[in-house]
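Here the structure comes first, spelled out in structure tokens, and everything after it is commentary.
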Amino acid sequence: MNRIKEFQLGLLAINAGIGVMNKMKGDYSVHTKESFRDIVTSMDEEIERTMKEVLLASPYKVMGEESYKDTDKIDLEKETVWVIDPIDGTTNMVSGVPFYSISVGMADKMTFPLGVVIVPPQQELYYTFLNDSFLNSKKLCVKSADLKESLVSAAFSGSKTDKKRRAMEFELFGLINDSTRGVLRTGSASVNICYVAAGRLQAAYGLNNRIWDVAGAFAIAQKAGADIYLERGQDQSRINYVAGTPDAAKKITDLMKENKIADLKLIKKEECK
Amino acid sequence: MAVRRNTLKGKPMAENNEQIVIVGAGAIGRGFLPWLFKPGRYEFIFVDKNKKLVCELNRARGYTTCRIKNGMPEKRKIPVSRAYTNEEFNIDICKNPVAVFVGVGPRNSKEATKNLGKVKCPIILCENDPATVADVKQVLPEAKVYFAIPDVITSNTASKADLAIDPLTINTEDGVLHVDERAAGIEGDISFCPEEELINKHWTAKLFLHNTPHCIAAYLGALIGVKYVHEAMQCGQINEIVNGAMNEMLTALKLKWVIPHDFLEWYAGKEIRRFSNTLLFDPVSRVSREPLRKLNVEGRLIGAAQICLAQGFVPNNILKGIVSAIIFDNEEDADRPLLYMQKIFHPSILLTYIIGLRKGEVLEIVLEEQFASIVESLEKLVAESKKAET
């Protein structure tokens, strides 16, 4: 399946999203969601509404960060759905930190065949086309790297997290930090994973993230030759994952298992040709 | 001389003969390069990813190349010692290789040379981008890899009449091959020159006085649906744009570089004559392929326009070339994501994210302002060309 029509729809959705972002720049309200660390703006909501309008021209359901409810009847194991994050890294955007994206991906029975992620402050567009991934006009191909030579980035959940669990996550963060060239926290899971595809980072991991943070970027990283390990979380939108070069991703996955943080499984491998 | 039958597993025919290996049996490799060597001086071994072509070369054990010299065709039958696919080829097959020439397209040079690790003789890259030398050195760090500039237009096909006699016939001009002098030692009609001269003089002229107007002619030709570059040049408006682009580059280069002006004038004149040469059968499809590569920020279109702007003038004809490359419409092209993007994205997104211009830089501002009107003028050109046809 070449999914060219879906690719075009993905581009249209991103085009609609970036149009709203350019129009509302500096003119939006901010409020909190699940916790004081979890914020949303009126721009997020407007971008999502506009992108959804575009994507609903296809036969697939749309799962978006701002409109999704746990009661929504979407079965990710069985269905093909569009997954959108109107702004991944809203806190960064509000604070003027240049790591945030608009992301659209397709989840097809928990595989990720297509993604388009735009990172406006860096003038970067990541996308998959057929079996390849691109950054702007450049084809991406992940190079192998040992864990010791890896720069990694982590993404934590903005939701309230149990103290004991958080302590374990921070311990893992320290362990990975000390086994690599370091672990960053950019504040945008999708940017982290796209950076893996672009060879800037060698691995990215996320704990208790949401599927809309990562669906588009998973497709991009995977078609660039990165390995992706994942595990579904407490509810169907939650996800733990590692994306990275084969060596780095495997070792971080092993560390997660050894430390009883998560038990991730490798999803279908794709070679970068 | 001990001669033995060449097989895929065995050595090439004559034990003591020297071989030229040509990786990429396309326009440059098959059409142009063999003319540089005296007939019989070297055996030719071809390597190509196209299995069908490899089979045909092995079956026919030769092919015809037709050189257009002083307006007259001159044919030569080139014997093929053996042809291999990239996977089959191993340098140990050659007893005495004196040089490996590579002409596979800049994007393919790394992949096409990755199994040449044991090659001791010079590897000469006849690609349209000096950066390919560094690319190939990444995969062959020990190899002697040099840049070469084929100053020639070579078709990857020929006239129907010639193809009917030999389906492998290929047309070429009587061109010149400029090669880095560190590869000197190969006997042939080759212009060896110091690296500095090769890049500063010959590459600058090739990039901006050949590649720039040549691809503009091809993109405009693609718009009006012609098959060959000379047919595009027969359209008055296209001819005017291509000549205009050439003059813009000539003006900019004279202002910018210390290259003798008479050399630049001579170069520009010969190029314009080349594009109109009806004997070359230079396909629009070949010259216009991979528009994203041709829209590289430092390349023949964007780089050319930047030089003109830096010299203080807006290159209106080159801008038309840039827009015609952006709206190039070929479903088969390797760069076809651009085809979908240009139909969906606003020009400001295309110019910054895809082409790589910085928001607010002069070229981005000028192109964004003029994009719609240039598209309109190109649509008009297409309509008028269709009207003229009927």
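Every number here is computed from the coordinates shown, using simple stated rules; none is lab data. Because the structure is predicted, anything quoted here is derived from the model rather than measured. Because the Cβ atoms are built from the backbone with ideal geometry, glycine has one as well, and the counts that use them run over all protein chains shown.
Tabulated results
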| read-out | value |
| --- | --- |
| Where only C-alpha atoms are counted, convex hull volume of segment B:156-209 per residue in Å³ | 110 Å³ |
| Size-normalised alpha-carbon gyration radius of segment B:109-205, reference 2.2 N^0.38 Å | 1.24 |
| Residue-count net charge about A:Leu151 - beta-carbon cut-off 15 Å; Lys, Arg +1, Asp, Glu -1 | +2 |
| Shielding score for B:202-213, defined as the mean number of other chain Cβ atoms within 10 Å | 0 |
| C-alpha center-to-center spacing [segment B:188-209, segment B:308-384] in angstrom | 30 Å |
| Alpha carbon centroid spacing (whole Å) that separates segment B:59-95 from segment B:15-51 | 5 Å |
| Dimensionless Rg ratio for segment A:4-139, taking C-alpha atoms and the 2.2 N^0.38 Å reference | 1.03 |
| Helix B:236-256 axis, angle to chain B major axis (alpha carbon atoms, nearest 10°) | 80 degrees |
| Theoretical ellipticity at 222 nm over chain B - DSSP helices of four or more residues, -39500 (n - 2.57) apiece, nearest 500 | -11500 deg cm²/dmol |
| 0 to 90° range, to nearest 10: angle between helix B:261-275 axis and chain B longest Cα axis | 80 degrees |
| Value of D in µm² per second that Stokes-Einstein yields for chain A, Kirkwood Rh from Cα pairs, at 25 °C (0.890 mPa s) | 135 µm²/s |
| Neighbour-count order for B:Trp35, B:Trp266, fewest beta carbons within 10 angstrom listed first | B:Trp266, B:Trp35 |
| Calculated FRET efficiency for the pair B:Glu376/B:Asn330, C-beta based, R₀ 22 Å, to 0.05 | 0.55 |
| Å³ per residue enclosed by the Cα convex hull of segment A:181-273 | 90 Å³ |
| Within segment A:237-254, backbone nitrogen closer than 12 Å to the virtual label 7 Å beyond the Cα of A:Lys269 toward Cβ | A:246-247, A:250 |
| Calculated log₁₀ intensity ratio I(q)/I(0) where the Debye formula runs over C-alpha points of chain B, q = 0.07, 0.08, 0.09, 0.13 Å⁻¹ | -0.33, -0.43, -0.54, -1.10 |
| Diffusion coefficient, µm² s⁻¹, Stokes-Einstein with Kirkwood Rh over alpha-carbon pairs of segment B:272-325 at 4 °C and 1.567 mPa s | 104 µm²/s |
| Segment B:346-390: projected area of the alpha-carbon convex hull, averaged over directions, in nm² | 3.5 nm² |
| Shielding of A:11-24 by partner chains, average beta-carbon count, 10 Å | 2 |
| Over segment A:147-266, relative contact order from alpha-carbon pairs under 8 Å, at least 6 apart, % | 27 percent |
| Whole-angstrom Cα spans of segment B:42-156 along principal axes, big to small | 43, 30, 25 |
| Extent along principal axes [Cα atoms of segment B:198-389; Å; largest to smallest] | 45, 42, 27 |
| Rel. contact order, % - alpha carbon contacts under 8 angstrom, at least six apart, chain A | 17 percent |
| Amide H contacts under 5 Å for B:Lys144, placed H, 5+ residues apart | B:Ile123 |
| B:Leu168 long-range amide H proximity, modeled H, under 5 Å | B:Thr64 |
| Spin-label model distance (nm) - B:Glu187 vs B:Ile365, 7 Å beyond Cα toward Cβ | 6.1 nm |
| Peptide-level mean, for A:115-122, of C-beta atoms on other protein chains within 10 Å | 1 |
| 0 to 90° range, to nearest 10: angle between helix B:51-60 axis and chain B longest Cα axis | 50 degrees |
| Within segment B:203-220: backbone nitrogen closer than 17 Å to the B:Val176 label point (7 Å, Cα to C-beta) | B:203-211 |
| Paramagnetic label zone (point 7 Å from Cα along Cα-to-C-beta, A:Asp254; backbone N under 20 Å) in segment A:173-201 | A:173-183 |
| Relative packing of B:300-308, A:181-189, which averages over residues the other C-beta atoms within 10 Å, highest first | B:300-308, A:181-189 |
| Cα-projected label distance for B:Ser285 with B:Lys95, points at 7 Å along beta-carbon direction, nm | 4.1 nm |
| Gyration tensor over alpha-carbon atoms, the protein assembly as shown, equivalent ellipsoid semi-axes in Å | 50, 31, 21 |
| Residues with amide H under 5 Å from that of A:Asn209, placed H, sequence gap 5 or more | A:Ile239 |
| Average Cα contact separation per residue, chain B, under 8 Å, 6 or more apart, as relative contact order % | 12 percent |
| P(r) histogram, all alpha-carbon pairs of segment B:27-95 included - 10 Å bins from 0, percent | 19, 51, 25, 5, 0 |
| Whole-angstrom gap from segment B:123-142 to segment A:188-253, using each part's C-alpha centre | 34 Å |
| Helix-only CD estimate at 222 nm, as mean residue ellipticity for chain A, using -39500 (n - 2.57) per DSSP H run (n ≥ 4) | -11000 deg cm²/dmol |
| 3J(HN,Hα) from dihedral phi, segment A:93-109, Karplus parametrisation 6.51/-1.76/1.60, rounded to Hz, x for glycine, proline | 4, 4, 8, x, 8, x, 10, 7, 9, 10, 10, 9, x, 10, 10, 10, 6 |
| Estimated distance in nm for a label pair at A:Ser95 and B:Asn247, the labels positioned 7 Å out from Cα along Cα-to-Cβ | 5.7 nm |
